[in-house]
Amino acid sequence: MALSDAAREVDDAFTRPDKRGASFENAFGGALSFMRRTYTKDLRGVDLAITGVPFDQAVTHRPGTRFGPRAIREASTLQPCDPPFGWDIDPLTDFDLIDYGDVAFDYGDTRSFPGALTAHIRGILGAGAGSVALGGDHYVTYPILKAYAEKFGPVSLLQFDAHPDTWPDDDPNRIDHGTMFYKAVKEGIIDVAHSVQVGIRTVVEDNLGVPTLYAPDVHASPEAAIAKIKEILGDRPTYLTFDIDALDPAFAPGTGTPVSGGLSSAQAFMMLRALKGINMVGGDVVEVSPPYDTTGATAIAGAHMAMELCCLFCWNLREKRNV
Ligand code: MN
Ligand code: MN
């Protein structure tokens, strides 16, 4: 396909002839899919499935992240006619990426949601693909992690966030976007010693031994932070969760619990690109809340971040296939 196709192509989400290749249709028209990928429930031959999790019933403060997947998909239409900047691979051309649509769940039966999401991700992993999920509030990472732990055993968690999300919560029925990693640690689905939280700037009394790089640590030396992250993760299977509030509210105001003093988008992208080579097996971008995203900047940051996660995943896949 070429730029001239914008004159006649529309709805690449449903009409593109194969899964690979750039998309040149008009970015302002057509049905939405992430990066204009094929929108399908067919996982055969798929390397990476992008999936939406429009759930925001676990928030402590401002809601709205149920609209996150749509907003990120829309913002992603600005990108798919060029290879990603700063990488020498192009996941869109060299790998089979699809948009797997959103997880289905009963909004009125919140307690059935975690199981539905774990089963949704289990289906993707069982088909041999990886997943990059578009949130949704951060609670969604916990049911996703359960599916990853079934396949990989306890995974290393690489978490970019203003908050550790390890506040104590021993009630198995509570669904809370600030306590799910406490539960994940207690259940042993995270490899605590080889996990790391980055950008933290809120206080939790007991972080359960999870290695932490606070926001001031990153500001003092992003290079030292990158080296530390690589040292902690090694080559262990790593799940990367990016809470968009890791970014400063100047760069990502559209989120439920913004905290000043965060990472710039430039710092975050620089760090992720420097982490190429980690054994990244899946990830998510969460907490994009369009009702508070008055300029759309948060959705744009989220769409770029999701694409960075695709690049990290595909980089790792390429290294594994070359072995
Ligand atoms: Mn979080
Ligand atoms: Mn957060």
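Each Lys or Arg adds one and each Asp or Glu takes one away; over the other residues whose Cβ falls under 11 Å from the Cβ of ASP176, this sums to -2. Ignoring aspartates and glutamates fewer than eight residues from LYS276 along the same chain, the ones with Cα atoms less than 18 angstrom from its Cα are ASP47, ASP88, ASP90, ASP94, GLU223, GLU231, ASP235, ASP284, GLU308, GLU319. Distance distribution P(r), region 153-263, all Cα-Cα pairs, bin width 10 angstrom from 0: 15, 46, 33, 6, 0 percent. Assuming charge only on the beta carbon of Lys and Arg (+1) and of Asp and Glu (-1), the dipole of the chain about its Cα centre is about 580 debye to the nearest 20.
Coupling constants for region 160-170 follow from the phi torsions by the Karplus curve (6.51 cos²θ - 1.76 cosθ + 1.60, θ = phi - 60°), and in residue order they are 9, 5, 7, 10, x, 6, 10, 5, x, 6, 9 Hz; glycine and proline get x. Neighbours of ILE50 by Cβ distance under 15 Å: Lys/Arg scored +1, Asp/Glu scored -1, total -1. The Kirkwood hydrodynamic radius of region 87-149, based on inverse pair distances between different Cα atoms, is 13.0 Å.
Placing unit charges on the Cβ atoms of the charged side chains and taking the dipole of region 34-322 about its Cα centre, the candidate lying farthest along the positive direction among VAL218, GLN159, TRP87 is TRP87.
Here's the picture: charge each Lys and Arg Cβ at +1 and each Asp and Glu Cβ at -1 in region 1-149, and of LEU48, PRO114, THR77 the one pushed furthest to the positive end of that dipole is PRO114. Contact order for the chain, expressed relative to its length and based on alpha carbon pairs under 8 Å spaced 6+ residues apart, stands at 19 percent. Label-to-label distance for PHE14 and GLN57 is 3.0 nm, based on points extended 7 Å past Cα in the beta-carbon direction.
Can you classify region 49-143 as rounded, prolate or oblate using the Cα gyration tensor, where a ≥ b ≥ c are the square roots of its eigenvalues, rounded means a/c under 1.5, and otherwise it's prolate if a/b beats b/c and oblate if not? Oblate, because a/c is 1.5 or more while a/b does not exceed b/c.
For the residue pairs LYS151/LYS320; LYS41/LYS230; LYS151/LYS230; LYS151/LYS183, the alpha carbons lie more than 25 Å apart in LYS41/LYS230.
Where does region 34-322 land on the Kirkwood hydrodynamic radius, alpha-carbon pairs, in angstrom? Here the Kirkwood hydrodynamic radius works out to 18.4 Å. Pairs of Cα atoms in region 254-323 fall into 5 Å distance bins, from 0 up to the last occupied one, in shares of 3, 15, 22, 23, 15, 11, 6, 3, 2, 0 percent. For the chain, excluding the exposed loop sites themselves (trypsin sites (Lys or Arg not before Pro), DSSP loop, at most 14 other Cβ atoms within 10 Å), the longest remaining stretch covers 175-323. If a/c stays under 1.5 just call it rounded; otherwise compare a/b with b/c (prolate if a/b is bigger, oblate if not). Do that for region 187-323, with a ≥ b ≥ c from the square roots of the Cα gyration tensor eigenvalues. Cα axes put region 187-323 in the oblate bin. A dipole drawn for region 34-322 from +1 and -1 charges on Cβ atoms has a positive end, and of GLY101, ALA133, ALA303 the residue lying farthest that way is GLY101.
Taking 13 Å as the cut-off, the amide N atoms of region 275-309 that come nearer than this to a point 7 Å along the Cα-to-beta-carbon line of LYS151 belong to 280-284. Only helices enter the 222 nm calculation for the chain: every DSSP H run of n ≥ 4 contributes -39,500 (n - 2.57), and dividing by all residues gives -9500 deg cm²/dmol, rounded to 500. Less than 15 Å Cβ to Cβ from TRP87, Lys/Arg counted +1 and Asp/Glu -1: what total charge do the surrounding residues give? For residues surrounding TRP87, the net value is -3.
Spin-label pair TYR214-ASP235: with each label point 7 Å from Cα along the Cα-Cβ axis, the two points sit 3.5 nm from one another.
FYI, it's all coordinate maths here, none of it is from the lab. Fair warning: this is a prediction, and the values are worked out from it, not measured in the lab. Because the Cβ atoms are built from the backbone with ideal geometry, glycine has one as well, and the counts that use them run over all protein chains shown.
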